[in-house]
Amino acid sequence: MINSVITAERLASFRLYTSEEEEKEQRLGVCTKLGLQPYDPSWTIRKTLFASDVDSSSRLLLRKDDVDNYVLPYMGKDDVEKLFGSICKNDRDHASDKEGESGVKVKVVDLDTDLSEHQLVLKRWSSTGSFVLTSNWPKEFVIRRGLEKGDEIGLFWDKWNACFWFKKAPPKPN
């Protein structure tokens with residue numbers, strides 16, 4: 001059993017952060033705090049789902065700027081090279097996602113469902129420069145989570161664990 005004096009000394013040594021320091025960390029996408037919950041990333045990629053994200057198109061479209069700013073700088077060099085070496089020519093190239101085809105396999109952790117892990121494939125479209133998450137997107141997210149057009153989701157690329165964190169925003173009050 002730890003002595004209560006030692007415990008009190010250790011607790012007293014914890015650092016308190018100013019709001020400016022917290023804002024700076026949030027802006028930089030880092031966290032130096034230790035905690036029991038995953039870092040709240042403020043969901044650097046936010047998206048309101050379109051019909052094409054939840055229909056038979058079988059993919060989640062991500063804005064080029066979002067992936068360029070919040071994912072690629074923190075993704076491994078080999079994965080970035082593989083991603084740009086295997087560009088989809090158009091939105092139909094992803095339809096037959098077979099094992100070994102273009103793109104980079106990424107893990108997506110669903111924070112809403114007990115940190116369940118899912119494998120998707122991240123690809124880049126040459127026509128628009130946009131990015132798509134394909135492969136198991138319909139089964140693992142659209143169907144399993146009951147996602148619909150108009151739902152808001154958040155994604156965050158975790159550079160330490162090389163994965164996306166996923167969260168569905170609660171419905172907006174009427």
Lys159 being more than 12 Å from Leu62 (Cβ to Cβ), in contact with a helix residue (DSSP H, G or I) (Cβ under 8 Å, 6 or more places away or on another chain), of a type in the set (Lys, Arg) and at pLDDT below 90: yes
In the range 108-146, the residues that are open to solvent by less than 20 Å² (accessible area, probe 1.4 Å) and of a type in the set (Lys, Arg): Lys123
Residue tally, condition open to solvent by less than 40 Å² (accessible area, probe 1.4 Å) and not in a strand (DSSP E or B), over the range 147-170: 3
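The values are calculated or read from the model by the stated rules, or taken from the named source; none is laboratory data. Predicted model only: the values in this text are computed from it and were never measured. Using ideal geometry, Cβ is built from the backbone for each residue, glycine included, and neighbour counts are taken over all protein chains shown. Heads up: the accessible areas ignore ligands, DNA and RNA and are worked out on the full protein's heavy atoms, side chains in. Shrake-Rupley method; radii C 1.70, N 1.55, O 1.52, S 1.80 Å.
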